[in-house]
Every structure is written in C-alpha cells, then in structure tokens.
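Reading through the structure tokens given below for one structure.
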Ligand SMILES: [Zn+2]
Ligand SMILES: [Zn+2]
C-alpha cells in the first residue's frame, strides 16, 4: 500500500510538479515538492478512509436528518483544501525546513536539539510508546489552544466559524477560518519542535489525530460507554461542545482526541444529550454562506473585535 502511494506521489511529482517548478524556476525545491506530493496523497487517502468509516455511521444512526444538506458541501471544500492542500504543505514542507534550520543552529551553537528520548533515555528504541507520548502532549496543547480561542473576543470571532455550522458532519472538523488555521499550525508546530517530534513522525501524528477529530464531528448518535467516553472523545462528547447553548465563552468539552484534559481542568460534560449545533450570534452567512463569504465575514468580525469598543461580535 505504502509503495503504491509513493508511486502515485512520484507520478504527480514527475508529470505535474517538476514541469511546473521548472517553468517557475523553482527547481531547488524539487525534493520538498516530492514531500508535499507524498503527503497530499496520504491526505487524500485519509479523507477516503474517513469517508468510508463515517458515511455508514451517519447513515446508521443520524442525530439529525436534513431535507436540504447544501450547507454540508462548504465543509467538503474546507476538508479538501486543508487535508490535501494546506496540511501536507505545512506539516511536511514547512516543519521539515524549520526543524532542519533550528537543529542546525542549535548544534552550531553547542546545544543539543531537544527530544523526548533525550529527556527520558528509557524511551530510546521504543518508537510506538514515544509516538503515543508525543500525541498525548500535542493533544494537551490542542486543548489549551481551543479553550483560549473561546476566551478572547478576537479569537472567538475567528473560531466561531467552526461553530456556525448547523448541519454538523464529519466534514466539519476542517471548517476553520484561514487565520485560525495559521495560528493553530504555529501553535502545534512550536510544541512539536519543543518536544522534538521528528519531521517524518510529524505528518503521521497529524494524520492520526485528525482522523479521530473528524470522527468526533460525525452526525451520529454514538457514545463509547461510561469507560470509553473517558478514554477517547466520542461524537456525543464533541457534539455537546457544538451545541447552540455552548457557543461562546462558557463552553464545555474543549478536548480534541482525549477527554482527560476536560476532566482534569473541570470542563467535561458527559451528559447523554444531543443538542442542535450552531452559533446563534454568528449570522446567516457564517452558517450557510460560500467559502469566501464565511472567510470574509469571519475576518470582519475579527477586525471588529480588535477595535476598541468594537461590537464585532456578541461574545457571551
Ligand atoms: Zn470550539
Ligand atoms: Zn469541533
């Protein structure tokens, strides 16, 4: 399977990227172009796997049925742009560049680049355990980023785009404002650099974590049971975060993959309820507008929130 994906990426590289880069005089980026193509293919496969798992689930026990599900299509566009276009570019190309430069600079100046294995030598030769530990630390960082994005007015103005969807499905995970995505990538990348995630592990971590996040947005009446709910975030758990009453400052269930942080920091709500989703303060364009309308309105709300006394958004 992996060699098959590699060969598809090789073909994209050979027939699309190299001729394009040659035309644009960007041949020095050839190797990185292959890295992007490879992870764009992985991203496309991930979307296909998510689709294959989530569509039957959503057909099996949907929380809501919509006679007209046009609003869902915008989320499909968000997913394709993010998973196949931007995520591979940032997670592979950018992370690789930054880490190589940073490690080179640290080594030149007599420092040893940080890694978890160096901090805990017993982890050496335990790649699976290290991978899981990296995922847990990054998930904690995600919890705080998400919680703070509800805390500040300007940040909520951007993040409210994620909450505006009234027809939430597994596609909704990638429904984010571009600025919010950029902040998220820097946040995630910085933590990954600090704990020494290697450039090859980084895209894999993103693939695994994002698959679980997509599942948690699925329009399915699904809980993992008393214990399961406390181990991994279920669609029921994350849906409460998207409930109409939970939009804004006073929310619950901020976690991305693990519910542990919500339990530790007392923001967990395990009640077995399924509310309608959406942000009543967001306006119609944020909910059902086109991709660019949503981006534009989100940006306007962001600027409004930054201006002194700006009534850019009603933040409860
Ligand atoms: Zn949120
Ligand atoms: Zn969400």
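Here, each number is a calculation from the coordinates, and none is a lab measurement. Please read these numbers as outputs of a predicted model, since none were measured by experiment. Ideal geometry is used to build each Cβ from the backbone, glycine not excepted, and the neighbour counts take in all protein chains shown.
Principal axes first, then extents: for the Cα atoms of the stretch 142-224, list largest minus smallest coordinate on each axis, whole Å, largest first.
Result, largest extent first: 38, 32, 21 Å.
According to a simple spin-label model (label point 7 Å from Cα along Cα-to-Cβ), what is the distance in nm between residue 129 and residue 94?
If labels sit at residue 94 and residue 129, their model points lie 3.4 nm apart.
Kindly rank 282-289, 53-60 from highest to lowest mean number of other beta carbons found within 10 Å of each residue.
Put in order of decreasing packing, that is 282-289, 53-60.
Consider all pairwise Cα distances in the chain and report the whole-number % of them above 36 Å.
Numbers: 10442 of 49770 pairs.
Across the chain, Cα pairs with separations above 36 Å total 21 percent.
If one takes the longest principal axis of the Cα atoms in the chain, at what angle in degrees, from 0 to 90 and to the nearest 10, does the Cα axis of helix 2-12 lie?
That works out to roughly 90 degrees.
Determine one quarter of the surface area of the Cα convex hull of the stretch 219-289, which equals its mean projected area, and express it in nm² to one decimal.
Working: hull surface 20.0 nm².
With the hull built on Cα positions only, its mean projection is 5.0 nm².
Any idea what angle helix 291-306 forms with the longest principal axis of the chain, computed on alpha-carbon atoms, 0 to 90 degrees, nearest 10?
With both axes taken from Cα atoms, the answer is about 80 degrees.
Using the Kirkwood radius built from alpha carbon pairs, what does the Stokes-Einstein equation give as D for the stretch 1-127 at 25 °C and 0.890 mPa s, in µm² per second?
Values: Rh = 18.1 Å.
The Stokes-Einstein estimate is 135 µm²/s.
How big is the Cα convex hull of the stretch 179-276 in projection, averaged over all directions, in nm²?
Projected over every direction and averaged, the Cα hull of the stretch 179-276 covers 7.2 nm².
How many angstrom lie between the Cα centre of the stretch 187-242 and the Cα centre of the stretch 244-286?
Answer, in whole Å: 15.
If we sort 263-270, 115-122 on the protection proxy, mean other Cβ atoms within 10 Å, highest first, what's the order?
So the peptides 263-270, 115-122, ranked by packing, come out 263-270, 115-122.
Hey, what did the chain get for relative contact order, percent, Cα under 8 Å, at least 6 apart?
21 percent.
Using Cα pairs under 8 angstrom and six or more residues apart, how large is the relative contact order of the stretch 93-205, in percent?
Numbers: 68 pairs, mean separation 38.9, N = 113.
About 34 percent, as a whole number.
Please state the relative contact order of the stretch 14-92 as a whole percent: Cα pairs under 8 Å, 6+ residues apart?
Result for the stretch 14-92 is 48 percent.
Quick one: angle between helix 127-151 and the longest Cα principal axis of the chain, in degrees between 0 and 90, rounded to 10, please.
The helix 127-151 is inclined about 40 degrees to the chain.
GNM on the chain, C-alpha springs below 10 Å: top fluctuator among 271, 234, 214?
Top of the fluctuation ranking is 271.
For the chain, what does the helix formula give at 222 nm: sum of -39500 (n - 2.57) over DSSP H segments with n ≥ 4, over the residue count, nearest 500 deg cm²/dmol?
-19000 deg cm²/dmol
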